[in-house]
Amino acid sequence: MEGRIPSLLEPKLLAGQLYWLEQRPDQQGRTTLMGRPFGAETAGAAAHLPAEELTPGAWNLRSRIHGYGGGACALGQVAGQAIAVFVDDRDRCLWRLDLGPAGAALNEPIQLTRPAARAFGGGLIDPWRQRWIGVEEVDGRDQLVAVSLLGGEPVTLHQAADFCGYPTLSPRGSHLAWVEWQQPHLPWERSQLWLGCFAAAGADGTGEGLGEELTACRPVAGSDNTSRQAISVFQPLWTAAPGALAADLLVACDRNGWWNLERLVAAEALQMADLVQPLGEVFAPPPAWQPLLPMEAEFATPQWVLGLSTTAWDGSQLLAAACFEGSWQLGRISWPSAPALAPSPQPASWIPFDLPFNDFSGLCAENGVLACLASAATSPAGLLELELAGGQWRHSPAAASPLAAEAISRPEPLWFAGYGGAPTHAWYYPPIGGATPASPLLVKGHSGPTAMARCGLNLAIQFWTSRGWGVLDVNYGGSTGFGRAYRQRLDRHWGLVDSADCAAAALAVVAAGNASAQRLAIEGGSAGGFTVLSALCFSDVFRAGACRYAVSDLEGLVADGHRFEAHYLDSLVGPWPEQRATYQARSPLLHAERISAPVIFFQGLDDQVVPPAQTDSMAEALRSQGVPVEVHRFAGEGHGFRSGAVRVAVLEATEAFFRHHFTLGCP
């Protein structure tokens with residue numbers, strides 16, 4: 001069952017070794033660093049070499065930056081020595097671990113920073129200056145900092161106006177690129193790509209003479225809060241073909257309505273004079289960017305966490321994951337060899353790999369090989385290793401699927417008329433054995449709400465289909481993977497568009513004869529839980545609901561929200577407090593009398609995003625109206641359950657609750 005299978009995160013390739021983070025639900029979600037030679041599980045002389053745990057015991061690699069974390073471990077080489085620098089969740093400090101030629105740990109981790117009220121994440125190893133460069137969140141603000149690999153306090157390189165992330169060092173170590181954004185916006189709404197120099201020169205590849213300080217910092221793409229057009233950027237990446245005098249800089253940018261890739265040619269050759277305006281003059285226009293591959297596809301995902309990656313450079317070619325109507329492809333991007341600075345460069349070509357997977361993330365590459373996380377409708381998420389020249393690949397799931405292929409329900413794309421008649425997407429999973437007009441149907445509202453329903457093997461969904469339920473995973477308006485306009489459907493309409501789309505999707509399945517209108521249930525967590533309560537409150541389509549750490553009081557969420565999401569509701573609902581009446585009109589807690597369907601709640605007692613008081617208040621309001629309610633509370637759990645035992649218990653309790661209220665027999 002999915003609740004017992006480890007989650008694999010942030011794969012990285014370094015000198016022929018493959019490393020990744022493994023989050024273990026049977027150890028209360030503890031995350032550890034794993035490593036082995038590339039392809040070791042099935043290839044050649046390396047066969048039978050097991051993956052090695054490099055941080056055994058109580059080490060817990062987790063970043064708390066921006067509340068959601070990510071980018072907890074950086075790897076690199078300094079003078080031929082492989083090094084990992086990670087955040088340990090017990091003290092929130094940076095630690096260094098030296099790695100041997102075969103990827104094994106050479107020593108016990110060495111503490112680099114002292115405990116303090118701050119968070120680190122999203123870092124890299126700077127081999128020229130022998131330091132870690134990353135993001136430090138302190139006193140309600142982000143800054144790019146450097147920490148010596150010998151230890152010491154962080155040295156500030158750049159103070160962001162608000163948030164920053166995704167620093168990436170140019171191949172010669174002379175330039176640093178990163179992403180910034182400011183409240184009230186989230187990074188998928190408005191963000192900028194920044195570029196800075198460590199020295200005016202230093203492109204000899206030796207690192208000699210490169211400065212320690214980051215200078216001439218300025219935005220070169222995207223939009224800030226004052227820009228006329230809203231633009232989001234994602235994951236800067238340096239590319240340098242063999243023999244190139246200077247590396248290009250790539251970024252995913254949605255100025256054409258889709259997160260497409262754009263290129264700044266020879267960005268590594270830009271000098272301080274190119275980046276800083278003369279005293280007293282306004283900024284010159286940013287450098288000219290070339291659209292690389294204009295198409296209706298997304299080469300990015302919402303930046304809830306640091307450490308995300310959808311593009312990679314292996315030293316000579318560009319690899320990417322792209323989302324087409326909710327389904328991902330992995331491919332190579334090839335561009336013509338015409339002069340790079342031609343006035344009208346020809347567009348590149350998208351060449352997808354022939355692979356039996358449709359969900360990809362966490363791309364990394366080097367020297368003709370690629371690794372990432374991949375899954376498919378019948379394949380659990382696992383490490384995909386691809387040799388680019390010959391196309392040979394191997395897939396290593398975190399655990400073998402407990403289901404035979406014939407026992408797995410495959411997702412079917414469903415397009416239907418959603419809120420306002422807009423074409424809207426969902427993945428429909430028919431029950432094993434086939435759907436009938438009497439079949440029960442479970443509708444899932446994904447969290448976020450800026451996220452998407454993905455179509456890789458999800459054992460929690462298979463739990464339901466194996467028991468005779470159809471499942472509908474809805475990409476309601478506001479979801480990602482379908483362009484900016486689709487994403488913006490939820491602006492000022494959270495609680496309306498999402499709940500109406502879920503109801504319309506359910507009715508479309510009923511109209512097709514694949515479900516009973518009397519056996520429609522809806523479930524979701526966090527923002528998805530708010531969608532559940534809104535659907536139960538403001539429509540009569542669903543007959544039961546299940547909520548995990550659900551938002552029920554929008555005013556309370558404003559008061560209790562953390563820094564990253566402090567103004568998220570400004571775009572989803574409206575400016576606070578000017579639109580207070582709207583917040584009240586949309587809060588299910590204030591309209592509990594409209595809900596008659598039974599609801600089951602699950603809440604972590606350590607939740608800092610949606611406090612337990614929200615669940616307690618909502619449950620009590622429903623009880624006072626005579627609505628059947630169950631509440632399950634879990635000590636030690638926060639926002640998003642990490643314990644495998646808890647996740648299994650949630651599934652089983654939800655199924656028993658629905659079965660009871662729908663008078664269904666035992667599966």
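The values are calculated or read from the model by the stated rules, or taken from the named source; none is laboratory data. Every value quoted in this text rests on a predicted model; they were computed, and no experiment measured them. Using ideal geometry, Cβ is built from the backbone for each residue, glycine included, and neighbour counts are taken over all protein chains shown. Each accessible area value is taken on the protein alone, full model and side chains, heavy atoms only, with ligands, DNA and RNA left out. Shrake-Rupley method; radii C 1.70, N 1.55, O 1.52, S 1.80 Å.
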Relative packing of 219-225, 348-354, which averages over residues the other C-beta atoms within 10 Å, highest first:
219-225, 348-354
Relative to the longest principal axis of the chain, what angle (0 to 90°, nearest 10) does the C-alpha long axis of helix 644-661 take?
30 degrees
Nitroxide proxy distance, nm - points 7 Å out along Cα→Cβ at N367 and N225:
4.7 nm
Pairwise FRET efficiency - E212 versus S624, Cβ, R0 = 51 Å, nearest 0.05:
0.20
Taking 0.36 nm per intervening residue step and subtracting the Cα-Cα distance, what contour gain separates Q608 from L150 on full extension?
161.4 nm
For the modelled label position 7 Å from the Cα of H632 along Cα-to-Cβ, which residues of region 424-466 have backbone nitrogen atoms closer than 20 Å?
441-447, 458-466
Given Cα positions, please report Rg to Rh for the chain, the hydrodynamic radius being the Kirkwood one.
0.96
Can you give the accessible area per residue of the chain, in Å², using a 1.4 Å probe?
37 Å²
Would you mind computing, in nm to one decimal, how far apart the modelled labels at L245 and R410 are, each placed 7 Å from Cα along Cα→Cβ?
5.3 nm
Taking the dipole of region 485-598 about the Cα centre (Lys, Arg +1; Asp, Glu -1; charges at Cβ), the one of A517, L496, C537 that reaches farthest to the positive side is A517
Calculated FRET value between E108 and Q518, using beta carbons and R₀ = 51 Å, to 0.05:
0.25
Quick one: what are the phi-derived ³J(HN,Hα) couplings along region 460-470, Karplus 6.51/-1.76/1.60 with θ = phi - 60°, whole Hz, x for glycine and proline?
5, 5, 5, 3, 6, 5, 6, 9, x, 8, x
For V650, tell me the accessible area in Å² from a 1.4 Å probe, rounded to the nearest 10.
10 Å²
Only four residue types carry charge here, +1 at the Cβ of Lys and Arg and -1 at the Cβ of Asp and Glu. Report the dipole size of the chain about the Cα centre in Debye, rounded to the nearest 20.
960 debye
Local electrostatic count at L605 - Lys and Arg +1, Asp and Glu -1, tallied over other residues with Cβ under 12 Å
-3
In nm, what is the difference between 0.36 nm times the number of residues separating A581 and Q28 and their Cα-Cα distance?
195.0 nm
Given DSSP loops and a limit of at most 12 other Cβ atoms within 10 Å, what is the longest stretch of the chain that contains no such GluC sites (Glu not before Pro)?
297-577
Suppose R0 equals 25 Å; then what is the FRET efficiency for S596 and H660 from their Cβ-Cβ distance, rounded to the nearest 0.05?
0.95
Once both label points are put 7 Å beyond Cα along the C-beta direction, the A161-A389 separation in nm becomes 4.8 nm
